[in-house]
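Working notes, structure below.
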Amino acid sequence: MNLIKIKDSEKELVHEFHLWNLPDNLFILLNKKTNDDFFRIMYSMLGTQQKFAEFLGLWRQEVNKYHKQLLKDNGRYYPVYFPLRLFKRCIPILNKEFSLLFRTEYSRNTS
């Protein structure tokens, strides 16, 4: 009897979450086009890659590494994930154009 109630309640639960609910210590890897669009928009809004780096509190080379999504070490290339805490800093200044683009890309990838 208790097992049935647990199953029924699990079916009724809808797990919704927002980006703000996720912990800051996660890292994300956007698809290449969305990543390029994100950085292009941020550079244009803040002026240059250097100003974007200052906004995030990073060196310009770190921002470039996140933009390329690659790190070369001893002749090998490794993927570079963007920290969610930095992505959250950018959200308030992003325009609706990128929000629509991100939702479109996400819905395309999940279908």
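Values in this text are rule-based calculations from the coordinates and carry no lab data. Bear in mind the structure is a predicted one, so any value in this text is a computation, not a measurement. All Cβ positions, even for glycine, are placed from backbone atoms using ideal geometry, and neighbour counts span all protein chains on display.
Miscellaneous remarks
- Pairs with Cβ under 7 Å, 6+ apart, first in segment 42-59 and at negative phi, second aromatic (Phe, Trp, Tyr) and outside any helix (DSSP H, G or I): Ala53/Trp59
- Members of segment 75-93 that are in contact with a strand residue (DSSP E or B) (Cβ under 6 Å, 6 or more places away or on another chain) and surrounded by fewer than 12 Cβ atoms within 10 Å (Cβ to Cβ): Tyr77, Tyr78
- Hits in segment 18-70 (condition: outside any helix (DSSP H, G or I) and either among the basic types (Lys, Arg) or in contact with a helix residue (DSSP H, G or I) (Cβ under 7 Å, 6 or more places away or on another chain) (or both)): Leu22, Asp24, Leu26, Phe27, Ile28, Leu30, Asn31, Trp59, Gln69
- Subset of segment 74-93 [more than 10 Å from the chain's Cα centre (by Cα) and assigned to a strand (DSSP E or B)]: Arg76, Tyr77, Tyr78, Pro79
- Among the residues of segment 38-50, the ones that are more than 13 Å from Cys90 (Cα to Cα) and not polar (S, T, N, Q) come to 1 in all.
- Within segment 60-74, the set of residues being surrounded by 13 or more Cβ atoms within 10 Å (Cβ to Cβ) and on the phi < 0 side of the Ramachandran plot comprises Arg60, Glu62, Val63, Asn64, Lys65, Tyr66, His67, Lys68.
- Taking each residue of segment 66-77 that is closer than 14 Å to Thr34 by Cβ and looking for partners that are in a strand (DSSP E or B) and not polar (S, T, N, Q) with beta-carbon atoms closer than 6 Å, six or more apart or interchain, yields Tyr66/Phe82.
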